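A short write-up of the structure that comes next.
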Amino acid sequence: MSAATVDTPTPDARISPRGHVRHTSALVRRNLLWIRQDPESMFDALLMPVVFTLLFVYVFGGSIGQALGGGQDGYVQYVIPGMIAMMSMTLSQGVGTGFSQDFNSGVMDRFRSLPIGRGSVLFAKIAVEMLRMLFATTVLMIVAVLVGFDIDHWGGLFAAVGLSAVFASSIMWVFLTLGVILKNAQSVQAMGFMVLFPLQFGSSIFAPTQSMPGWLQAFTDYNPLSTLADAARGLMVGGPVAHDLWITLGWSVAITAVMAPVAIHKFRTKT
């Protein structure tokens, strides 16, 4: 039988599940070592929670808090759960820009020449970005306590962070796909901004939606960031949870089911 007629299996087909786990762990370690060598890559995760919290609490907190009936202190209780939802979306963009940079630097070409699972490369990127998100959430909660947020339900806080992590992992597949198909990190960042900006500000993250125009309220009703923010708010400060929780989980499952196969396929076939 000639070599041309041999059906050579793909690398993923030859690798056992234990091998995938081992490869993913090694790549996670590689990505963490890269962050250690380039600590400036953590500046967004460190500064963004601080800047956004102080900005919205002290610039908008008084006026929006009066509308809520609780003043600035009431607004702190309202906006902090929404900020956790915002962090999950905003920091997810970093996985796409980093992926694009790895392609342009030739790192991904070397990975694809090695006998490692293609999915392991993507899962490792997501795992490290999740750690960055948890770091940013920790910074956010420290600042939140300093500006007056009351943590009355620790279990609810951890549940809200977990829900945000689930949603963030689904959005990361979208940005991984953009990191593969777009030519450079700047394009990924620009596209991410066009997606993030309307989703974040057309939601209940920063202000209640009741005073918004009817057409915008219709958009916020289907905006997953609204359901995530409302679910986090209910878990952390009390209120209805079940409906928003299930809607957010539904969005997360649907986005992952659609975008994960697309991202892996695009990564395998990218030339």
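Observations on the structure shown:
- Restricting I255, I181 to residues that are in contact (Cβ under 8 Å) with a residue 24 or more places away in the chain, crowded, with 18+ Cβ neighbours inside 10 Å, under 29 Å from F123 (Cα atoms) and of a type outside the set (G, A, S) narrows the list to I255.
- Number of positions in the stretch 235-248 that are out of contact with any helix residue (DSSP H, G or I) (no Cβ under 7 Å at 6 or more places or on another chain) and either loosely packed, with under 12 Cβ neighbours inside 10 Å or closer than 12 Å to A159 by Cβ (or both): 1
- The residues on offer are V50, V57, and the sole one that is of a type in the set (V, I, T), surrounded by 19 or more Cβ atoms within 10 Å (Cβ to Cβ), in contact with a helix residue (DSSP H, G or I) (Cβ under 8 Å, 6 or more places away or on another chain) and at pLDDT 80 or above is V57.
- Sole residue being closer than 29 Å to W173 by Cα, over 23 Å from the mean Cα position of the chain (by Cα) and among the β-branched types (V, I, T), chosen from I84, I126, I116: I116
- Neighbours by Cβ (under 9 Å, 6+ apart or cross-chain): first from the stretch 214-239, touching a residue at least 60 places away in the same chain (Cβ under 8 Å) and part of a helix (DSSP H, G or I); second open to solvent by 40 Å² or more (accessible area, probe 1.4 Å) and charged (D, E, K, R): M236/D152; V237/D150; V237/D152
- Selected residue (only one of L163, L216 is open to solvent by less than 50 Å² (accessible area, probe 1.4 Å) and more than 18 Å from the chain's Cα centre (by Cα)): L216
One line per residue, one yes/no per condition, for (1) buried (at least 20 other Cβ atoms within 10 Å of the Cβ); (2) in contact (Cβ under 8 Å) with a residue 40 or more places away in the chain; (3) in a helix (DSSP H, G or I); (4) in contact with a Phe, Trp or Tyr (Cβ under 8 Å, 6 or more places away or on another chain):
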position	(1), (2), (3), (4)
Q189	no, yes, yes, no
G192	yes, yes, yes, yes
L199	no, yes, yes, no
M212	no, no, no, no
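- The number of residues in the stretch 69-87 being aromatic (F, W, Y) and open to solvent by less than 20 Å² (accessible area, probe 1.4 Å) comes to 1.
- Listed here are the helices (runs of 4 or more DSSP H) enclosed by the stretch 38-124 that have at least 3 residues being under 30 Å from M236 (Cα atoms) and touching a residue at least 40 places away in the same chain (Cβ under 8 Å): 43-55, 61-68, 71-90, 93-105.
- Any chance A127 is part of a helix (DSSP H, G or I), open to solvent by 30 Å² or more (accessible area, probe 1.4 Å) and among the hydrophobic types (A, V, I, L, M, F, W, C): yes
- Sole exception among (1) assigned to a helix (DSSP H, G or I); (2) among the hydroxyl-bearing types (S, T, Y); (3) surrounded by 21 or more Cβ atoms within 10 Å (Cβ to Cβ) for S204, by number: (1)
The values are calculated or read from the model by the stated rules, or taken from the named source; none is laboratory data. Here the structure is a predicted model, which means the values were calculated and not measured. Note: ideal-geometry Cβ built from the backbone for every residue, glycine included; neighbour counts use all protein chains shown. Side chains are part of the model used for accessible areas, which takes the heavy atoms of the whole protein and leaves out ligands, DNA and RNA. Shrake-Rupley method; radii C 1.70, N 1.55, O 1.52, S 1.80 Å.
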